Amino acid sequence: MTLRRRMTRGLGTIGSMQRRSFLLALAALAAPASGNATPAVALPRIAAVPGGVARVDLGPADTPPQVTVDGRRVLVMRPARDWSALVGIPLAARPGSTLALQVADAAGSREIAVRVQPKRYATQQLKVAPKHVQLSPEDLARHEREREHLLQVLQHWSDAPPSTLRLRTPVPGRRSSSFGLRRVFNGEARNPHSGMDIAAPVGTPVAAAAAGAVIDTGEYFFNGNTVIVDHGQGFLTLYCHLDAIGAASGARLAAGEPIGTVGATGRVTGPHLHFSVYLNATAVDPALFLPAATTG
């Protein structure tokens, strides 16, 4: 009598659904191991829109292809048998335009075009005191220095791939401002919002949304106390307006490990966490990476 028959003779006394579940589990245990099997990778929700994420299938290969867009490296993972590129699409990309991905692998080089689909983000008209939108020459010079530094930090690349692209919510609270919101101050349009704001009281712990390494901390004019975490291959998260920073540059963090507390530092009107996600040095919608219950 085979092992399968011996183990299933006694199943007649249980329900058909239980019996079916048992047999499926037994079949999985008996299946031969595949030398090409790779761990399942949790991916974000895909949306090839401005500020979204496009998934580009690259086919099978023994080694990961190298992919770039506009000269920047693109994250490449193998969520199943074939490789895929996960490319962040700039908020400024025009619907109907294309991004040209340069792909290099053992078979040679090729180009893959990604067409940008339409998406409409909200616009908010605000009337504020001029001092809140006009910077002094000293503040403007400081902002320009900090902007150049942050642009360099956001170009950071590490070869090890992230273990997941689905993130934990970094702090409990109400989402008070969404990604892509364009604010118009006193009739003057500003850049769209590059992250998600989560309102919470000062001192609320902020946790790393996934495992990674701290690549930058600092106190910035607009962002206030800030921590930037690298999760691998250009997948970065950024935490701004912290009251206190609790993680040093170079520290390795587990998912959920504290990195600071909510504050109102920098150019803000009240306490909240500004949370941003970057792929290939491009800000993308954090809601695509978070549990659906938190995305509104």
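The values are calculated or read from the model by the stated rules, or taken from the named source; none is laboratory data. All figures in this text were calculated on a predicted structure; none of them were measured in a lab. Ideal geometry is used to build each Cβ from the backbone, glycine not excepted, and the neighbour counts take in all protein chains shown.
Meeting the requirement of 2 or more residues that are closer than 30 Å to Gly59 by Cβ and either in contact with a helix residue (DSSP H, G or I) (Cβ under 8 Å, 6 or more places away or on another chain) or not polar (S, T, N, Q) (or both), the strands (runs of 3 or more DSSP E) wholly within region 72-142 are 75-77, 83-88, 98-105, 108-115. The set of residues from region 40-85 being in contact with a strand residue (DSSP E or B) (Cβ under 6 Å, 6 or more places away or on another chain) and hydroxyl-bearing (Ser, Thr, Tyr) comprises Thr68, Ser84. Entry remark, region 262-289: residues being under 9 Å from the mean Cα position of the chain (by Cα) and not aliphatic (A, V, I, L, M) number 5 in total. Among the conditions (1) closer than 21 Å to Ala287 by Cβ; (2) modelled with pLDDT of 95 or more; (3) β-branched (Val, Ile, Thr); (4) surrounded by fewer than 17 Cβ atoms within 10 Å (Cβ to Cβ), the only one that Thr123 does not satisfy is (2).
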